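This report concerns only the one structure given below.
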Amino acid sequence: MTAPAVREQLATLVEAASDGTITATDALVTGRSLGALGLTSLGYLRLADAVELEFGVELDLGAAVAVDTLDGIVAQILTPDQP
């Protein structure tokens, strides 16, 4: 799966995990913090569960910087063995 395809799919998961607070379009803006956009701690947990189900990758929620942007999460999905 390509990085752009993962970004698109992930943006949809962010919208669902945030109960629509963050639209997929907003999530796709490069470099924007998901937390600043309104993703709550519960939203992060929902997103982590959705990523695991959809991509088979466990997000490292302890790596706050790595999971605070869509691109950081895409990097974890595409290179799951990297910190």
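Which one is nearest to the chain's Cα centre (by Cα) among residues in region 33-45 that are surrounded by fewer than 18 Cβ atoms within 10 Å (Cβ to Cβ) and not small (Gly, Ala, Ser)? Quick ask: steps written out before the conclusion?
Keep residues of region 33-45 that are surrounded by fewer than 18 Cβ atoms within 10 Å (Cβ to Cβ), which gives 33, 35-36, 38, 40-42, 45.
Filter once more, so that each one left must be not small (Gly, Ala, Ser): 40, 42, 45.
Details: 40: 12, 42: 13, 45: 10 Å.
Here the answer is 45.
Name every residue in region 1-19 that is modelled with pLDDT under 95, part of a loop (DSSP other than H, G, I, E, B) and not polar (S, T, N, Q), in order of residue number.
The one that is modelled with pLDDT under 95, part of a loop (DSSP other than H, G, I, E, B) and not polar (S, T, N, Q): 1.
Which numbered condition trips up residue 22, out of (1) more than 15 Å from residue 1 (Cβ to Cβ); (2) modelled with pLDDT under 90?
In the conditions (1) more than 15 Å from residue 1 (Cβ to Cβ); (2) modelled with pLDDT under 90, residue 22 misses (2) alone.
Of the residues 49, 71, which single one is within 9 Å of the chain's Cα centre (by Cα) and not in a loop (DSSP other than H, G, I, E, B)?
On the way: 49 fails: within 9 Å of the chain's Cα centre (by Cα).
Among 49, 71, only 71 is within 9 Å of the chain's Cα centre (by Cα) and not in a loop (DSSP other than H, G, I, E, B).
Taking the residues in region 16-32 that are surrounded by 14 or more Cβ atoms within 10 Å (Cβ to Cβ) and within 12 Å of residue 68 (Cα to Cα) as candidates, determine which candidate is nearest to the chain's Cα centre (by Cα).
Filtering region 16-32 for residues that are surrounded by 14 or more Cβ atoms within 10 Å (Cβ to Cβ) and within 12 Å of residue 68 (Cα to Cα), the one nearest to the chain's Cα centre (by Cα) comes out as 27.
Hey, among the residues in region 4-13 that are within 13 Å of residue 77 (Cβ to Cβ) and free of Cβ contacts under 8 Å to residues at least 60 places away in the same chain, which one's surrounded by the most Cβ atoms within 10 Å (Cβ to Cβ)?
In this case the residue turns out to be 13.
The values are calculated or read from the model by the stated rules, or taken from the named source; none is laboratory data. Everything quoted here is computed from the prediction, not taken from an experiment. Counting neighbours? That spans all protein chains shown, and the Cβs are built from the backbone with ideal geometry, glycine included.
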